[in-house]
Amino acid sequence: DDPELLAAFQARIDRGERIEPKEWMPEGYRKTLIRQIGQHAHSEIVGQLPEGNWITRAPTLERKQILLAKVQDEAGHGLYLYSACETLGISRDELFDRLHSGAMKYSSIFNYPTLTWADMGAVGWLVDGAAIMNQVPLQRTSYGPYARAMVRICKEESFHQRQGYTIMMKMAQGTPEQKAMAQDALNRFWYPSLMMFGPSDKDSVHSAQNMAWKIKINTNDELRQRFVNETVPQARYLGLEVPDENLTWNEDKQGWDFSEPDWSEFFAVLKGDGPCNEERLGARRKAWDDGEWFRDGLTAYAEKQAARRKA
Ligand code: FAQ
């Protein structure tokens, strides 16, 4: 890239201007956005699976309606983000192909199983809670279509987070067995939720450049700390224990000191060795293959219409 163009581009970013699809951008900026927005879209789509698992087993009709609506929102977020990603000059077919071949990632969190109904509470409360913590600052990200997508998505995520918390409240105030289920869900989802923010800053390869480009607004550790600070009092309100013996209030930093997740587990999940990686990717590949007849039908219909218009 031409150094003058690069400097002018950086100056626009520094002034807080938004970059729009047809404007010049460095190749690295475009590629990084495709990676991040694409991964984000894939996370929403794969992220439907752990909760989709409970739609048929929701305990009441009302809970079923709410869960169904939430999972549909996730599908919508995925499609919205794929559209944002397409503005960078990559096709949706290519994005799907990269997901199915394992060339692109999705969030590590969705490789964990949802074993009980209380997990629907933990996912909404912790997973959506972590997602919002990361996405609220991204409303100010430098790429216009991504920033605008985040505004709408964050509104829906905050509803998702609250629906999860109300499930946790109901369970925590229920019978001793129900409270134990809530505690068990918190125990299993705590560390995987902390991992959602990415590796610790010293191991985050993309942070420095992405923050300079304002693709990323905060470091991984900053957001993880914010999440812990906000979530610990919520756990206490529920009467549940955060599964961390080292959790202590640090007066100086006005935040909680906490244990790091097991990073070897995180990197294993990223490599494909999490508890549900195969199952999740298998489900997405199957959905793609099963939909082939429908895509073929749509294409044939579109071609017929085009031929008719010409005639
Ligand atoms: N999982 O250098 P960094 C949702 C990878 S919310 C998998 O720190 P970066 C809503 C990273 O890609 C979840 N991979 O990377 C929902 C890189 O690998 P690469 C989605 C991870 O990009 C809720 C390497 O590690 N949200 O879906 C993870 O600067 C409930 C080095 O890391 C977003 O995607 C991880 N957790 O920072 C849906 C938000 N962390 O490509 C359903 C947008 C890191 O070099 C139900 N993304 N990696 O091979 C971001 O903000 C950033 O991409 C980070 C990572 C913060 C995730």
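Per residue, the solvent-accessible area of the stretch 163-311 (1.4 Å probe, heavy atoms of protein chains only, all protein chains present) comes to 60 Å².
When the solvent-accessible area of the stretch 112-232 is split by element, carbon and sulfur atoms take up 58 percent of it, the probe being 1.4 Å. Accessible surface area normalised per residue over the stretch 42-138 is 36 Å², counting heavy atoms of protein chains with a 1.4 Å rolling probe.
Computed from the alpha carbon atoms alone, the convex hull of the stretch 247-310 holds 180 Å³ per residue.
Ranked by the mean number of other Cβ atoms within 10 Å of their residues, highest first, the peptides 291-300, 182-191, 139-148, 267-276 come out as 182-191, 139-148, 267-276, 291-300.
Once a ≥ b ≥ c are taken as the square roots of the eigenvalues of the Cα gyration tensor of the stretch 140-200, is the result rounded (a/c under 1.5), prolate (a/b larger than b/c) or oblate (a/b not larger than b/c)?
Oblate, since a/c reaches 1.5 and b/c is not below a/b.
On the beta carbon distance between E292 and R152, with R0 = 51 Å, the FRET formula returns roughly 0.95. Dimensions of the chain based on its C-alpha atoms, expressed as ranges along the principal axes with the largest first, amount to 71, 49, 33 Å. The alpha-carbon of K253 sits under 16 angstrom from the alpha-carbons of these aspartates and glutamates, leaving out residues fewer than 8 places away in its chain: D221, E222, E230. The GluC sites (Glu not before Pro) of the stretch 223-283 that meet both conditions, a loop assignment by DSSP and at most 10 other Cβ atoms within 10 Å of the site Cβ, are E245, E251. Straight-line cross-link reach from K70 at under 22 Å between alpha-carbon atoms covers these lysines, not counting any fewer than eight positions away in the same chain: K155, K170. Here's how it looks for W256: its modeled amide H is under 5 Å from those of N229, N250, which are all 5 or more places away or on a different chain.
In the stretch 243-311, the portion of solvent-accessible area held by carbon and sulfur atoms comes to 52 percent [1.4 Å probe, whole percent, DNA, RNA and ligands not counted].
What the phi angles of the stretch 86-96 give under the Karplus curve with 6.51, -1.76 and 1.60, with θ = phi - 60°, is a coupling list of 4, 5, 8, x, 10, 8, 5, 4, 5, 4, 4 Hz, glycine and proline written as x.
Comparing Cα centroids, the stretch 132-181 and the stretch 3-48 end up 25 angstrom apart.
The values are calculated or read from the model by the stated rules, or taken from the named source; none is laboratory data. Quick caveat: nothing in here was measured; it's all calculated off a predicted structure. Using ideal geometry, Cβ is built from the backbone for each residue, glycine included, and neighbour counts are taken over all protein chains shown. When the accessible area is computed, the model is the full protein with side chains, heavy atoms only, and any ligands, DNA or RNA have been set aside. Shrake-Rupley method; radii C 1.70, N 1.55, O 1.52, S 1.80 Å.
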